[in-house]
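The values are calculated or read from the model by the stated rules, or taken from the named source; none is laboratory data. Keep in mind that what you see is a predicted model, and the values were worked out from it rather than measured. All Cβ positions, even for glycine, are placed from backbone atoms using ideal geometry, and neighbour counts span all protein chains on display.
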């Protein structure tokens, strides 16, 4: 199994266990372990077939299989939403947001009319494409063997956010504080994002922001995996900054969520570098 695949295995075992001890409604305690067992079997079977046959096609499937699995990790953690939420955390976090937004950030973003707000909303929409874009670039530059190096910090940053959600029950500011500090421009891009979140959003937690964590982890991961093509990592870093700003300005997340998401990406980068250093040291000794 690849290192990032082990991360997914641990995550699916975690959600299967969490479905048993959290007060969630039926049939979630039954469906979750059965579904996850099926997923784990598929992952092991794919890895076994690839190791046995060494076919390029099977390797490519493994490269891309992580992305639909990450979507499933998001949906599954949504099943673990607790039945009640006192919104204590949100009442604390909103004070920091008001200080930043009313302190000049909102006015600066809206100074040129709908231009910057639209750019931020478009960036927020594209957050789901950053991982696939990064892997595509590795293919384009014929560095497919480095996909594993990129996916480890990327997957780790995202699952580090999701595993914390049951412990930080919270709702986004757009639903708890509707209309407060909302963007002045209701662009078509904003309406699209609202529609997406309304149909596919979860209600377990918003802290830390997996959007921010994944965006920064994609940038950091590509800087590590493809250092000879610096524009890719730099482009992803700019996108990550825009996405982090959009989450707060658009009221999708609190400033605390965005900051914690960045921290998760940094933790994932640190762990990834430690793994690489240990592997290099072991190889040198051998």
Residues being within 15 Å of residue 158 (Cβ to Cβ) and crowded, with 17+ Cβ neighbours inside 10 Å - total across region 10-36: 4
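Identify the residue in region 183-200 that is part of a loop (DSSP other than H, G, I, E, B) and surrounded by 17 or more Cβ atoms within 10 Å (Cβ to Cβ) and, among all such residues, is modelled with the lowest pLDDT. Spell out how you get there, then give the answer.
Of the residues in region 183-200, the ones part of a loop (DSSP other than H, G, I, E, B) are 183-187.
With the extra rule that they be surrounded by 17 or more Cβ atoms within 10 Å (Cβ to Cβ), the set shrinks to 183, 187.
Details: 183: 92, 187: 88.
The extreme case among them is 187.
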Filtered residues of region 14-30 (kept if in a helix (DSSP H, G or I) and free of Cβ contacts under 8 Å to residues at least 24 places away in the same chain): 16, 17, 20, 21, 29, 30
Where residue 127 falls short, out of the listed (1) buried (at least 17 other Cβ atoms within 10 Å of the Cβ); (2) outside any helix (DSSP H, G or I): (2)
Lone qualifier among 119, 52, 57 - being part of a helix (DSSP H, G or I), assigned by TED's automatic domain parsing to the domain that holds residue 211 and farther than 22 Å from residue 204 by Cβ: 119
